[in-house]
1. Looking at segment 215-248 only, could you name the residues that are charged (D, E, K, R) and assigned to a helix (DSSP H, G or I)?
2. Which residue, of P198, P194, P227, P271, is more than 21 Å from the chain's Cα centre (by Cα) and not polar (S, T, N, Q)?
3. How many residues are without any contact (Cβ under 8 Å) to a residue 24 or more places away in the chain, surrounded by 13 or more Cβ atoms within 10 Å (Cβ to Cβ) and farther than 21 Å from Y68 by Cβ when one looks only at segment 1-24?
4. For segment 30-43, name all the residues that are open to solvent by 60 Å² or more (accessible area, probe 1.4 Å) and of a type outside the set (A, V, I, L, M).
5. Which condition does K53 not pass, out of (1) in contact with a Leu (Cβ under 9 Å, 6 or more places away or on another chain); (2) basic (K, R); (3) in a loop (DSSP other than H, G, I, E, B), if it passes all the others?
6. Please go through segment 140-166 and pick out each residue that is buried (at least 18 other Cβ atoms within 10 Å of the Cβ), of a type outside the set (A, V, I, L, M, F, W, C) and under 15 Å from L237 (Cβ atoms).
7. Please find, within segment 22-38, the residue that is farthest from E8 (Cα to Cα) out of those that are assigned to a helix (DSSP H, G or I) and out of contact with any helix residue (DSSP H, G or I) (no Cβ under 8 Å at 6 or more places or on another chain).
Amino acid sequence: MITLLQLEYFRRLSATEHITQTAKELYISQTALSSMIISLERELGVQLFDRSKRSIHMNEAGRTYLKYVNDIFTALDNGRAALRDMVEEHEHEVSLAMGTSLVWAPMLHAFHKMYPQYALKQFNYTVESLNQALQKREVDLVIAGEGDIQEDGLEKVWIKDDKIYLCVSPNHRFADRDLVYMEELKDEPFISLPVGSPWRVYCDYLFEKAGYSIQPVLECDYTMRAPLIESEFGVALTTSTAREVDLLKPNKYILVADEYAWRKMYLFWNPKRYMSKAARDFCNFCRSYWKQDRHMGAME
């Protein structure tokens, strides 16, 4: 009979592919670990690892089996979480990942005001990390743009469309314009976010759609862009959400009028991870929050 202990040892060894290291982490002997894995393989009737004198590597059978083993432990974690939701009286927690929290701060504040009993745990991630966080079920939810997330096996709900704006200093030659087109911007000195950030990936997509690429004059984080733009160091692309919170004040926002210059934003989650009541309430709140925002925009 296969035991959970065997499966846990298999998972740990699959992560390191190193008998000595894994045995040390588990506080057992190398012999005990090897015997446990061999016993599991005999029970399954197939080898999970290819072995040589000095190394061990998980093979195709091992990788296939690992997916199901991970699902077993996920189911156990989900069961524990569901029971905790039923019996615990203390504040629950929702974990949320995104490219940046600055533009979403008003929404997070509004959620906390409506649901003060819930604790929020927020993370900023690169595009690669956003995908890993969902696939590995490390967070409840991810806010990301269309194309940021590999959607295999994931679920999502649309929350809003972001218009794209060019942000320039008050003295810039475009400062009095209401709109610009991407083809006009190819010679502008752009201030960009670091490579790998979701917004940088999207901006590179916009430049590609416009038929050119750029070499940023500077790569920096969100907080440095506003003063650099104001000092006429360069310009930057931003979104209607950032404009709503005036993230790059006191600079000027000019609508980018190209038909492809808009970005669909979604809330993503992995259905294999148990979704707590706090996370479900956050999903419903997001949809209601942005529905109300669109209604107010239409009235204006």
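1. Of segment 215-248, the ones charged (D, E, K, R) are 219, 221, 225, 230, 232, 243-244, 246.
If the condition is that a residue be charged (D, E, K, R) and assigned to a helix (DSSP H, G or I), then R225, E230, R243, E244 are the ones that fit.
2. Working: P198 fails: more than 21 Å from the chain's Cα centre (by Cα); P194 fails: more than 21 Å from the chain's Cα centre (by Cα); P271 fails: more than 21 Å from the chain's Cα centre (by Cα).
Unique residue meeting the criteria: P227.
3. Residues in segment 1-24 being without any contact (Cβ under 8 Å) to a residue 24 or more places away in the chain, surrounded by 13 or more Cβ atoms within 10 Å (Cβ to Cβ) and farther than 21 Å from Y68 by Cβ: 3 in total.
4. Taking segment 30-43 first, the residues open to solvent by 60 Å² or more (accessible area, probe 1.4 Å) are 30-31, 35, 38, 42-43.
Of everything in segment 30-43, those that are open to solvent by 60 Å² or more (accessible area, probe 1.4 Å) and of a type outside the set (A, V, I, L, M) turn out to be Q30, T31, S35, R42, E43.
5. Of (1) in contact with a Leu (Cβ under 9 Å, 6 or more places away or on another chain); (2) basic (K, R); (3) in a loop (DSSP other than H, G, I, E, B), only one is false for K53: (1).
6. Matches in segment 140-166: G145, D162, Y165.
7. First, pick out the residues of segment 22-38 that are assigned to a helix (DSSP H, G or I): 22-26, 30-38.
The next check asks that each one be out of contact with any helix residue (DSSP H, G or I) (no Cβ under 8 Å at 6 or more places or on another chain); those that pass are 24, 31, 35, 38.
Details: K24: 15, T31: 16, S35: 14, I38: 14 Å.
Filtering segment 22-38 for residues that are assigned to a helix (DSSP H, G or I) and out of contact with any helix residue (DSSP H, G or I) (no Cβ under 8 Å at 6 or more places or on another chain), the one farthest from E8 (Cα to Cα) comes out as T31.
A quick yes/no check of all residues on (1) part of a strand (DSSP E or B); (2) among the basic types (K, R):
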{"position": "V139", "(1), (2)": "no, no"}
{"position": "A144", "(1), (2)": "yes, no"}
{"position": "G153", "(1), (2)": "no, no"}
{"position": "K163", "(1), (2)": "yes, yes"}
{"position": "R173", "(1), (2)": "no, yes"}
{"position": "E183", "(1), (2)": "no, no"}
{"position": "V201", "(1), (2)": "no, no"}
{"position": "L206", "(1), (2)": "no, no"}
{"position": "S213", "(1), (2)": "no, no"}
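The values are calculated or read from the model by the stated rules, or taken from the named source; none is laboratory data. Computed from a prediction, not measured in an experiment: that's the story for all the values here. Counting neighbours? That spans all protein chains shown, and the Cβs are built from the backbone with ideal geometry, glycine included. Only protein heavy atoms, including side chains, enter the accessible area calculation; ligands, DNA and RNA are left aside. Shrake-Rupley method; radii C 1.70, N 1.55, O 1.52, S 1.80 Å.
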